[in-house]
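Only one structure is covered here, and it is reproduced in the block below.
The values are calculated or read from the model by the stated rules, or taken from the named source; none is laboratory data. Values in this document were obtained by computation on a predicted structure and should not be read as measured data. All Cβ positions, glycine included, derive from the backbone under ideal geometry; neighbour counts span all protein chains shown. The area values use the complete protein model at the heavy-atom level, side chains included, leaving out ligands, DNA and RNA. Shrake-Rupley method; radii C 1.70, N 1.55, O 1.52, S 1.80 Å.
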Amino acid sequence: MEIGIDSFAMLLSDPATGRLQSAIDRMESVLAEIELADQVGLDVFGIGEHHRENALDSAPAVILAAAAARTKSIRLTSAVAVLSAADPVRLFQEFATLDLISGGRAEMVVGRGSSVEAYPLFGFDLRDYDALFAEKLDLLLKIREQPNIRWQGRFRPAINGEGVFPRPHQPKLPIWLGVGGTPESFVRAGTLGLPLMVAIIGGSFDRFQPLVELYRRAWLAAGHPPQDQKVGVHALGFVGETDAAAREAFFPGWFQMFTDAGRERGWPPPTKAQFEHMCGPNGAFLVGSPQTVAAKILHIHNTLRGASRITFQMSTAALETEAMRRSIELLGTVVAPLARGQRP
């Protein structure tokens with residue numbers, strides 16, 4: 001099982017003073033987090049994509065390329081790339097270039113995006129939400145197979161044999177399909193034979209088990225080799241010396257992020273009781289001591305009949321710099337070995 005971290009490179013204001021982090025300091029801390037994750041033996045680090053004032057990740061491939069120069073082993077991925085609002089040709093070129101810079105460590109997780117600000121920014125209609133993604137995924141996968149293709153679609157000018165270069169170092173650049181809770185998305189990933197990355201930010205892990213089974217059935221029905229299936233889980237998480245320390249470091253940023261999101265989307269404000277429940281045995285937050293978090297990872301693995309990858313979304317604790325560094329260290333040196341049945 002691979003274990004890693006995802007970041008949205010969020011800018012947070014200090015709850016006590018209201019002071020906002022500087023963008024340059026936050027970017028440096030993100031790169032330092034990736035460097036540390038590599039040093040402690042984590043498998044993967046992902047950068048999200050948002051086009052809003054409180055995030056610095058509108059160009060994830062650029063951040064990952066900077067990280068590639070500072071790391072040796074960790075795999076570097078989008079988390080997710082908003083494919084519906086992107087040009088698949090440019091996206092492939094960016095990550096093929098990243099693959100060359102990193103010596104073959106680049107991946108992509110592509111999705112439609114839960115934040116929709118990219119659509120009007122790049123001139124797309126939200127009414128075409130699914131059609132955009134289906135068409136662009138088709139083009140991206142064709143480009144991955146060979147550099148010179150002939151292709152025509154609805155949302156992008158035709159390609160008439162022009163070459164798409166550079167090509168990546170890896171023979172086949174890994175592309176995961178990022179999904180939320182839509183059954184059709186799970187079926188699509190299985191039918192296409194793509195690794196599945198499930199974003200679980202609330203509720204319980206158990207409720208996703210039937211959806212993962214849809215993926216597995218679609219995979220087999222399409223004739224893909226059973227042993228090639230991959231299921232990943234992206235969840236909110238943070239590791240502390242104790243359960244209480246982890247919750248104390250993670251709660252303020254989580255509360256701020258979901259209060260802001262609720263204000264935009266018409267949700268009620270979050271509560272401390274909700275947070276505590278999500279951190280509890282039946283909740284979907286991987287927040288706690290190394291032993292608590294490792295036990296939850298094993299629960300995910302058992303519930304989903306095998307998980308290939310677990311990634312932690314820790315961005316909401318970014319203000320707690322020392323706690324963040326310690327969390328990354330504990331994740332790599334204690335949690336990962338425990339989850340794999342090894343001695344830390």
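Please determine whether any residue of region 270-284 is in a helix (DSSP H, G or I), within 21 Å of Phe205 (Cα to Cα) and aromatic (Phe, Trp, Tyr). Within region 270-284, one or more residues are in a helix (DSSP H, G or I), within 21 Å of Phe205 (Cα to Cα) and aromatic (Phe, Trp, Tyr).
One line per residue, one yes/no per condition, for (1) open to solvent by 40 Å² or more (accessible area, probe 1.4 Å); (2) of a type in the set (D, E, K, R); (3) farther than 18 Å from Ala9 by Cβ; (4) assigned to a helix (DSSP H, G or I):
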residue: Val89; (1), (2), (3), (4): no, no, yes, yes
residue: Phe92; (1), (2), (3), (4): no, no, yes, yes
residue: Ala96; (1), (2), (3), (4): no, no, yes, yes
residue: Leu100; (1), (2), (3), (4): yes, no, yes, yes
residue: Met108; (1), (2), (3), (4): no, no, no, no
residue: Tyr129; (1), (2), (3), (4): yes, no, yes, yes
residue: Lys136; (1), (2), (3), (4): no, yes, yes, yes
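Just wondering, is there one or more residues in region 141-155 that are buried (at least 17 other Cβ atoms within 10 Å of the Cβ) and in a helix (DSSP H, G or I)? Within region 141-155 (the criterion being buried (at least 17 other Cβ atoms within 10 Å of the Cβ) and in a helix (DSSP H, G or I)), the answer is yes, since at least one residue qualifies. Selection of first residues in region 174-188 that are of a type in the set (Asp, Glu) and of second residues that are modelled with pLDDT under 95 and part of a helix (DSSP H, G or I), restricted to Cβ pairs under 9 Å at least 6 apart or on distinct chains, gives the following pairs, ordered by first then second residue: Glu184/Asp130. Only one entry of Leu331, Leu338 meets the criterion of being over 21 Å from the mean Cα position of the chain (by Cα), under 23 Å from Met197 (Cβ atoms) and not in a loop (DSSP other than H, G, I, E, B), and that entry is Leu338.
For region 181-209, which residues satisfy the criterion of being closer than 16 Å to Leu220 by Cα, open to solvent by 20 Å² or more (accessible area, probe 1.4 Å) and in a loop (DSSP other than H, G, I, E, B)? Correct list: Gly193, Pro195. The residues of region 254-271 include none that are within 16 Å of Leu319 (Cβ to Cβ) and of a type in the set (Lys, Arg). Within region 72-88, being closer than 17 Å to Asp99 by Cβ and not aliphatic (A, V, I, L, M) holds for Lys72, Ser73, Arg75, Thr77, Ser78, Pro88. Taken as a whole, the structure leaves Gly178 outside the set of residues that are open to solvent by 10 Å² or more (accessible area, probe 1.4 Å), at pLDDT below 95 and within 20 Å of the chain's Cα centre (by Cα).
Of all residues in region 165-173, none are polar (S, T, N, Q) and under 30 Å from Ala273 (Cβ atoms). Annotation note: Cβ proximity below 6 Å between a residue of region 233-244 that is within 13 Å of Phe312 (Cα to Cα) and outside any strand (DSSP E or B) and a residue that is of a type in the set (A, V, I, L, M) and modelled with pLDDT of 95 or more (sequence gap 6+ or interchain) occurs for no pair. Pairs are defined by a Cβ separation below 6 Å, a sequence spacing of at least 6 or placement on different chains, a first member in region 134-159 that is within 21 Å of Thr191 (Cα to Cα), and a second member that is of a type in the set (Gly, Ala, Ser) and buried (at least 16 other Cβ atoms within 10 Å of the Cβ); the pairs so defined are Glu135/Gly153.
Residue-by-condition table, conditions (1) open to solvent by 20 Å² or more (accessible area, probe 1.4 Å); (2) of a type in the set (Gly, Ala, Ser):
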site: Gly4; (1), (2): no, yes
site: Met10; (1), (2): no, no
site: Thr17; (1), (2): yes, no
site: Ser22; (1), (2): yes, yes
site: Glu35; (1), (2): yes, no
site: Gly48; (1), (2): no, yes
site: Ala55; (1), (2): no, yes
site: Ala65; (1), (2): yes, yes
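Within region 20-33, does at least one residue satisfy the condition of being farther than 23 Å from Lys230 by Cα, part of a loop (DSSP other than H, G, I, E, B) and of a type outside the set (Ser, Thr, Tyr)? Looking for residues that are farther than 23 Å from Lys230 by Cα, part of a loop (DSSP other than H, G, I, E, B) and of a type outside the set (Ser, Thr, Tyr), one finds at least one in region 20-33, hence yes.
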